[in-house]
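Presented below is the structure to which this report refers.
Readers should treat all values here as calculations from the given coordinates under stated rules, not as data from a laboratory. These figures come from a predicted structure and were not determined experimentally. Don't worry about glycine lacking a Cβ; one is built from the backbone with ideal geometry, like all the others, and counts go over all protein chains shown.
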Ligand code: SF4
Ligand code: SF4
C-alpha cells in the first residue's frame, strides 16, 4: 500500500506524520519511507542513519553537431522553454532552462542533435532494519524537482508498506509525488490559512482520483472551520494532534515522537488502520 503524506502549506507537521507513521509500522513488516520533498528533504533528521548509497540524477540536454546543422531554426521553434536559440551560424543551448523533453532532437531534420546528461541532484538510500529510507535531493538552484521524484519512486517495492513525504503546496512536484498513491493524508492546522490550503489540496486529490483523509495538527491553535469543512465535504479526520510543547520540543531536537512519547505509537498504528479502511471508499 502506498500512502502519501501531503499538505497544502509548509510547516503543518507533514514530516512529523510521515516519519512517525513509517517508524510505527516497522513493527508490522517491511516499510519504505520515501522523502520526495526533494527541495528540502528533512525526514532523515529523525532517522539518525548515514546514507549508504548515493546515485546522481541526470536530465538529457541537447548537444548540437554544427557540421550537420543547417541553422533551419526548427529546434528553437519547438522548444517551449526558450532553452535553445538559433543564430545565423550558431546554435546556443541554455542548459539551465532545458527540461530534457527531447523534442528538439526528435524534430531536427538533419539529425544534428544528440543528448548529453546534466546532473540535477541525487537519490540517497539507507537501511534501518525493517525500514528502507530513500530520499531525493535537488541541487540548489536547479528548477526541476519531478525527474528526481520519479527517480525516488522507482525504488518503490510493492511488497512493502510505502510512506511518501510530499513537498508542501499543490504544484507539479506534489502531483508527481502523489500520483499512483492508494491514499493521501493531508496534514493541516485549524487556522484560516490551513483551511484555505487544505481545500486546494483536496481539489488536487479529487482531480487525481486519490482518496484522502485529514490529520489536524496543533489542535487548539485556531478555530473549528477545518472540521466544519471536512464534515461538509465528507472527508474523514483520521487523527488530531494537540498543540503540545513537548511534541514541538521533540521535533526540534530531531527525536521521533513515538520514541520520545511512546504512547503515540498506538495512535499512528490506528491511523494506518483508518487509512486502510478509508482507502476502499470511492472518491467523491
Ligand atoms: S533543428 Fe537541427 S538543423 Fe535545424 S537549427 Fe536546430 S540543430 Fe540545426
Ligand atoms: S530538450 Fe526540450 S526543453 Fe531542452 S532544449 Fe530541447 S526542446 Fe527545449
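Relative contact order for the range 1-126 using alpha-carbon pairs under 8 Å, separation at least 6, rounded to a whole percent?
Contact order relative to length: 28 percent.
How much FRET efficiency would the formula 1/(1 + (r/R0)^6) give for residue 111 and residue 182, where r is the Cβ-Cβ distance and R0 is 35 Å, rounded to 0.05?
0.20
By how many degrees, between 0 and 90 and to the nearest 10, does the Cα long axis of helix 264-279 differ from the longest principal axis of the chain?
The answer is roughly 60 degrees.
Which FRET efficiency value, to the nearest 0.05, do you get for residue 101 and residue 45 by plugging their Cβ-Cβ distance into 1/(1 + (r/R0)^6) with R0 = 35 Å?
Efficiency for this residue pair is about 0.50.
Quick check: pseudo-label points 7 Å beyond the Cα along Cα→Cβ at residue 74 and residue 89, how many nm apart are they?
2.3 nm
What angle, in degrees between 0 and 90 and rounded to the nearest 10, separates the Cα long axis of helix 14-25 from the longest principal axis of the Cα atoms of the chain?
That helix lies at roughly 70 degrees to the long axis.
Could I get the Rg over Rh figure for the chain? Both from C-alpha atoms, Rh via Kirkwood, rounded to two places.
Answer for the chain: 1.07.
Relative to the longest principal axis of the chain, what angle (0 to 90°, nearest 10) does the C-alpha long axis of helix 192-208 take?
60 degrees
Could you check the spin-label model distance between residue 82 and residue 245? Points 7 Å from the Cα along Cα→Cβ, value in nm.
5.3 nm
Kindly state, to the nearest 0.05, the FRET efficiency for residue 252 paired with residue 203, given R0 = 30 Å and r defined as their beta-carbon distance.
Taking R0 as 30 Å, the efficiency between residue 252 and residue 203 is 0.40.
Report the percentage of all Cα-Cα pairs in the range 136-284 whose separation exceeds 26 Å, rounded to a whole percent.
Of the Cα pairs, 32 percent sit more than 26 Å apart.
So what is the calculated 222 nm ellipticity per residue for the chain, using -39500 (n - 2.57) for each DSSP H run with n of 4 or more, over all residues, to the nearest 500 deg cm²/dmol?
Helix contribution divided over all residues of the chain: -9000 deg cm²/dmol.
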